[in-house]
2 protein chains.
Amino acid sequence: MSHLVYGRLMSVDRTQVLRAAAALLSRRATATMDEVARAAGIGRATLHRQFAGRDALVRALEELGIQELEAAHDRARTDEGPADEAVRRLVAEVEPVAPLLSFLVTENQLFEGDQQNEGWARLDARVSDLFRRGQEEGTFRIDLTPAWLTEALYGLIGSGAWAVQDGRVAAKDFQYMIAELLLGGARRSVEK
Amino acid sequence: MSHLVYGRLMSVDRTQVLRAAAALLSRRATATMDEVARAAGIGRATLHRQFAGRDALVRALEELGIQELEAAHDRARTDEGPADEAVRRLVAEVEPVAPLLSFLVTENQLFEGDQQNEGWARLDARVSDLFRRGQEEGTFRIDLTPAWLTEALYGLIGSGAWAVQDGRVAAKDFQYMIAELLLGGARRSVEK
DNA sequence: ACCAGATGAGACATCAATGTCTCATTCGAT
DNA sequence: ATCGAATGAGACATTGATGTCTCATCTGGT
């Protein structure tokens with residue numbers, strides 16, 4: 001019993017399947033279960049054995065996304081140093097998860113916002129806290145609510161991910177474009 | 001033949017149906033044809049008589065959205081006056097169309113972006129031109145490309161529409177939040 | 001009042017995706 | 001090499017939405 005993983009016999013790598021699914025669904029949110037299976041290099045039956053159904057798959061993707069976002073937050077140490085620099089670090093760390101994030105956000109929009117998942121609430125709170133801290137430190141303007149800044153960050157990350165995927169923005173500019181617009185806006189400022 | 005409209009006998013108001021569809025689909029993008037029909041107060045058969053199918057309905061919504069956005073642009077006179085003020089006017093004029101716009105944007109993302117609709121291309125060009133003009137006038141920073149600023153504007157409008165619909169942002173703050181963030185960013189600036 | 005045309009309701013066939021199941025094959029541990 | 005477990009491929013039933021059709025009813029113009 002050397003290959004027991006989580007009490008089950010090992011077989012297909014669950015995480016690997018999830019990553020393949022994320023990669024595909026981020027591009028085409030309407031991809032079928034069969035397509036997901038092929039993208040993951042496994043049979044449809046096996047996919048169904050691992051995830052009871054499409055809903056279960058999406059929920060698993062949600063968990064994965066939340067995990068990775070939490071990890072990104074941790075790595076970015078958003079509670080340390082100047083708030084604007086923390087935002088930059090956060091954007092940088094979130095970049096790899098951006099396509100999955102935008103998929104999950106739109107997915108959540110589709111299915112009526114019945115139950116605000118606890119994980120999302122916690123993430124929202126972390127982002128929101130960051131902006132609030134920036135306001136208290138005098139770095140961020142106080143006429144834009146932390147809730148809106150949080151929404152805007154998600155929105156810009158989604159737009160950025162999609163613009164990159166579509167070739168309208170170079171991948172290397174992703175972090176810069178988002179962070180700069182979010183922090184400094186489009187208007188030319190006197191400083192700098 | 002007093003009630004001939006566009007060569008067809010009048011009956012249900014096509015535009016009114018489209019508006020009802022827009023209102024519903026903007027909230028629940030997966031709403032069924034039957035739901036759309038009920039929302040419009042007509043029978044499903046009649047809905048099918050007017051729009052060959054779901055695709056046709058969405059395409060009609062697309063045309064409607066494009067029309068209204070063009071009209072918003074015209075009213076905002078985005079080629080007059082300082083670019084930043086033009087952006088403000090544009091955001092204000094676009095606000096009523098925001099939910100429909102965000103629906104169409106995500107819808108377009110779902111179906112593979114094979115052929116860029118001519119209408120969207122023209123709208124993109126108008127927005128893009130506005131930002132370019134601002135850069136040439138020295139109002140906007142030049143390190144953010146017009147293409148990205150255009151994406152960002154759409155993204156923020158979508159986020160704003162959704163945040164309002166979800167009650168996380170007050171409807172009355174919609175224009176201000178978007179325009180201020182887009183123009184000035186989150187960082188507190190020295191001026192003002 | 002009459003009539004052509006449009007509507008609404010529902011029956012119906014179709015279609016695509018989903019979920020379940022079977023079975024031969026393959027893989028890994030021993 | 002052998003055995004048990006997992007896989008892949010495909011058959012199959014189910015489901016939900018779609019699109020078509022019919023027919024009774026209604027409406028607006030004459």
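If you roll a 1.4 Å probe over the heavy atoms of the protein chains, what accessible area per residue do you get for chain A, in Å²?
So chain A comes to 51 Å² accessible per residue, rounded to a whole number.
Given an 8 Å cut-off on Cα distances and at least 6 residues of separation, report the relative contact order of the stretch A:61-184 as a percent.
In percent, rounded to a whole number, it is 30.
Charges on Cβ only, +1 for Lys and Arg, -1 for Asp and Glu, centred on the Cα centroid of the protein assembly as shown; of B:GLY184, B:GLY158, B:ASN117, which one is farthest towards the dipole's positive end?
With unit charges placed on the Cβ atoms, the residue in question is B:ASN117.
³J(HN,Hα) across the stretch A:80-91 via Karplus (A = 6.51, B = -1.76, C = 1.60, θ = phi - 60°), whole Hz, x for Gly/Pro?
Along the stretch A:80-91, the couplings run 10, x, x, 4, 5, 5, 5, 4, 4, 4, 4, 4 Hz.
Run the dipole for the protein assembly as shown about the Cα centre, Lys and Arg Cβ at +1, Asp and Glu Cβ at -1, nothing else charged, and hand back the magnitude in debye, nearest 20.
720 debye
Computing the accessible area with a 1.4 Å probe over protein heavy atoms, can you report the carbon and sulfur percentage for chain A?
Solvent-exposed carbon and sulfur of chain A make up 51 percent of the total.
Between A and B, buried accessible area summed over both sides at probe 1.4 Å, in Å² to the nearest 100?
Looking at A and B, the buried total is near 4400 Å².
Across peptide B:154-166, how many C-beta atoms of other chains are within 10 Å of each residue C-beta, on average? Don't skip to the answer; put the middle values down first.
Working: counts 4, 13, 8, 1, 6, 11, 4, 0, 7, 8, 1, 2, 4.
Partner-chain Cβ atoms within 10 Å, mean over residues of B:154-166: 5.
Can you list the HN-Hα couplings for the stretch B:161-168, worked out from phi with the Karplus curve (6.51, -1.76, 1.60; θ = phi - 60°), rounded to whole Hz and with x for Gly and Pro?
Once θ is set to phi - 60°, the couplings for the stretch B:161-168 become 4, 6, 5, 5, 4, 8, x, 8 Hz.
Using alpha carbon coordinates only, what is the Rg to Rh ratio of the stretch A:13-109, with Rh defined as the Kirkwood radius? All intermediate terms of the calculation are to be shown ahead of the outcome.
Working: Rg = 15.2 Å, Rh = 14.2 Å.
Rounded to two decimals, Rg/Rh equals 1.07.
I'd like the distance separating the alpha-carbon centroids of the stretch A:38-108 and the stretch B:40-64, in whole Å.
36 Å
Using a Gaussian network model on chain B with a 10 Å cutoff between Cα atoms, which of B:ALA72, B:ALA40, B:ALA56 fluctuates the most?
B:ALA56
In Å, what Rg and Dmax follow from the Cα atoms of the stretch A:61-184?
Using the Cα atoms of the stretch A:61-184, the pair Rg, Dmax is 13.9, 38 Å.
Taking the Cα centre of the stretch B:14-125 as origin, work out the dipole magnitude from +1 charges on Lys and Arg Cβ and -1 charges on Asp and Glu Cβ, in debye rounded to 20.
740 debye
Expressed as cubic angstrom per residue, what is the convex hull volume of the alpha carbon set of the protein assembly as shown?
Values: hull volume 64.3 nm³, N = 384.
In the protein assembly as shown, the Cα convex hull volume per residue is 168 Å³.
Just the accessible area for B:ARG89, please: 1.4 Å probe, Å², rounded to the nearest 10?
80 Å²
State the answer as a single residue: which of B:PHE51, B:GLN67, B:TRP148 lies farthest towards the positive end of the charge dipole of chain B, with beta carbon charges of +1 for Lys and Arg and -1 for Asp and Glu, about the Cα centre.
B:PHE51
So what J values fall out for the stretch B:44-55 if you push phi through Karplus, 6.51 cos²θ - 1.76 cosθ + 1.60 with θ = phi - 60°, rounded to Hz, Gly and Pro as x?
5, 4, 4, 4, 5, 5, 7, 10, 3, x, 4, 4
Given H placed on each backbone N at 1.01 Å, which residues far from A:PHE140 in sequence or on other chains put an amide H within less than 5 Å of it?
The answer is A:GLN135, B:ARG188.
Would you calculate the convex hull of the Cα atoms in the stretch B:81-144 and tell me its volume per residue in Å³?
Values: hull volume 6.6 nm³, N = 64.
Here the figure is 104 Å³ per residue.
Can you show me the helix-derived [θ] at 222 nm for the protein assembly as shown, built from DSSP H runs with n ≥ 4 at -39,500 (n - 2.57) apiece and divided by the number of residues, rounded to the nearest 500.
-21500 deg cm²/dmol
Extending each Cα 7 Å along its Cβ direction at B:ARG122 and B:ARG49, get the distance between those two points in nm, one decimal.
It is 3.2 nm.
Suppose we consider the axis relating copy A to copy B; can you name the residue of A with the nearest Cβ and state that distance in angstrom as an integer?
A:GLY185, 1
Tell me the accessible surface of B:LEU156 in square angstrom (1.4 angstrom probe, heavy atoms of protein chains only), to the nearest ten.
For B:LEU156, solvent-accessible area is about 0 Å².
Let me know the charge dipole size of chain A about its Cα centre in debye, to the nearest 20, where only the beta-carbon of Lys, Arg (+1) and Asp, Glu (-1) is charged.
Charge dipole, chain A, about its Cα centre: 680 debye, nearest 20.
Where the centroid of each part is defined by its Cα atoms, how far is the stretch A:139-166 from the stretch B:145-192 in Å?
8 Å
The values are calculated or read from the model by the stated rules, or taken from the named source; none is laboratory data. Note that the structure is a prediction, hence the values are computed from the model and not measured. Ideal geometry is used to build each Cβ from the backbone, glycine not excepted, and the neighbour counts take in all protein chains shown. In case anyone asks, the SASA skips ligands and DNA or RNA and just uses the protein heavy atoms, side chains included. Shrake-Rupley method; radii C 1.70, N 1.55, O 1.52, S 1.80 Å.
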